[in-house]
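Novice: Starting off with a structure, shown below.
The values are calculated or read from the model by the stated rules, or taken from the named source; none is laboratory data. In this text, all values refer to a predicted model and were calculated from it rather than measured experimentally. Every residue, glycine among them, receives a Cβ derived from its backbone with ideal geometry; neighbour counts consider all protein chains shown.
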C-alpha cells in the first residue's frame, strides 16, 4: 500500500510595516523671504529709503539667521510630538543661508566705508547718482553783522560753493542756500537746525563756518555768498564746490579740492592750493602762487611774480606777467624774467611770445616754439622740436634729442656759434659760418659781427637750422574753431609716459 504524498502547508506572509508619517515641509525659507519681501515693499512704497534699507540689512542681517534657527527648533519639537522626522535644511536652504551670510558680511563692511571721503577722492558729484536718502529739501538763510576794522575773514565750507566779493558798507553779509537729502520734511528740518552756518569773531579773525558736518553722513550742500569790506584779507578752505573771490584789497589764500576756482581784481598777493579742478586768476597787483594738482590753469595781468609748482594735467595759459615766472612739475622746469605776451602749455606743446630772459627751460616730449625772446636762453628738451625766434640776442644754449632745432637771430646780431648734430644736417643763412655735414654728423662754427653772444647747440638724430629773424615765419594765429583745425606741429617721436605738463 503506497504512502500518501504529504502536501506542504501554504507559506505564511508577514504583514508590511506601517508607512512613516509624512514629513512636514520647513517654513523657515518662506518666512525669511516674506520678511525680506515686506522690507523691500516698504522701500518701493517710499516708507523706507534705499539708504535706510541698506543700513538696516548691514546692521541686523544676523536676525534672519536667528529666526531661521528658531523655526527649525519649533519644527523639530513638533516632529517629536507627532512621531515624525523633522525636515532638513535642503540644498535650497543651504544656498539661502550662504547668500544671507555672504551679503550680510559685505554690507557690514560697506557700512564702515567713509563714503563721503571716497566720493571726494574719486570726484563724484552729488548729482551723478540718485539721492539714496530720499528727497532733497532746500533752505535759505541770511546772516549779517558788523565787520571789525582791520580784521581778516576765514571761510570753512567742505561741501558747497563759496563766493566772496566787496560790500558797500562795514558789514559782513552771508546769504545761505542749502540742499539737504532726507527721508521726510521733519528729518530735513532737524538736519537744517544741526547745520546752521555761524559767524564767530576772535580778535582780528572773523570765521564763517558752513557746519555741513553737523548732520553726520547725511548729504548737506551749503552755498555761501559773502560780501564784506574790500580791504579785508580772505582765506577760503573748501573741499567740493566752486570758489569765486573778487574785489579784494588784501591777500587771498584759497585751499580747495574738486573745485573750479576763480580770483580777480586783487590788490595783494594770491595763493591757491588745489587738488583737481580748474584755477583762473586775473588782475592781481601782487604775487601769485599756485600749487597742487590742477587740471586747467589760466593766469593773466599780474603785476607781481608767478610761482607754479605741482602737476598741471591739461593746459596752462599765462598772459602778461610783469615779473619772474617759475614753473616746476614732474616733466617741466622753467623760469624766465617777464612775459609780455602769452604762453600756452599742454602735454605736447609749449608756445610763447614776447618773453624776456634769462630763460631756463628743461622739459621732455614737447614741441617748443618761442617767438620774440630777449636775453640769455638755456633749453633742454627730449623727443620734440625746438624753435626759438630771438628779438634781442643773448647767450643761447640748446640741448635737444629726437627733434629739429631752429634758431632765428636778428639780422645784425653779433654772435659766435658752436653747433653739432648727430644723425642730421646743419643749415645756415649766415655765410660767415663754416658748416660741415658728413654722413653721420654735422658741425658748424664761426663768428658773425662782433661775436658778443655765444650760441651752443647740440642735437641728436635730427637737424639744426640757423636763420635770420627777418626770414622767420610769422607766429601762427590762434587756433580756429573745431570745424577748421589749425595745422599742428610735428608730433613727438616717443609718446610721453605721463600726461602732466
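Novice: Check 234, 243 and return the single one that is in the same structural domain as residue 207 (by TED's automatic domain parsing) and within 17 Å of residue 287 (Cβ to Cβ).
Specialist: Every option except 234 fails the conditions.
Novice: Could you run through segment 85-106 and say how many residues are at pLDDT below 75 and surrounded by 15 or more Cβ atoms within 10 Å (Cβ to Cβ)?
Specialist: 5
Residues are listed down the side, and each one gets a yes or a no for (1) on the phi > 0 side of the Ramachandran plot; (2) crowded, with 20+ Cβ neighbours inside 10 Å; (3) touching a helix residue (DSSP H, G or I) at 6+ places or on another chain (Cβ under 7 Å); (4) assigned by TED's automatic domain parsing to the domain that holds residue 391:
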site	(1), (2), (3), (4)
298	no, no, no, no
302	no, yes, no, no
316	no, yes, no, no
320	yes, no, no, no
324	no, no, no, no
327	no, yes, no, no
340	no, no, no, yes
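Novice: Among the numbered criteria (1) part of a strand (DSSP E or B); (2) in the same structural domain as residue 452 (by TED's automatic domain parsing), which one does residue 411 miss?
Specialist: Among (1) part of a strand (DSSP E or B); (2) in the same structural domain as residue 452 (by TED's automatic domain parsing), the lone unmet condition for residue 411 is (1).
Novice: Determine which member of the set 334, 390 is buried (at least 19 other Cβ atoms within 10 Å of the Cβ) and within 17 Å of residue 306 (Cβ to Cβ). First the steps, then the outcome.
Specialist: On the way: 390 fails: within 17 Å of residue 306 (Cβ to Cβ).
After applying the criteria, what remains is 334.
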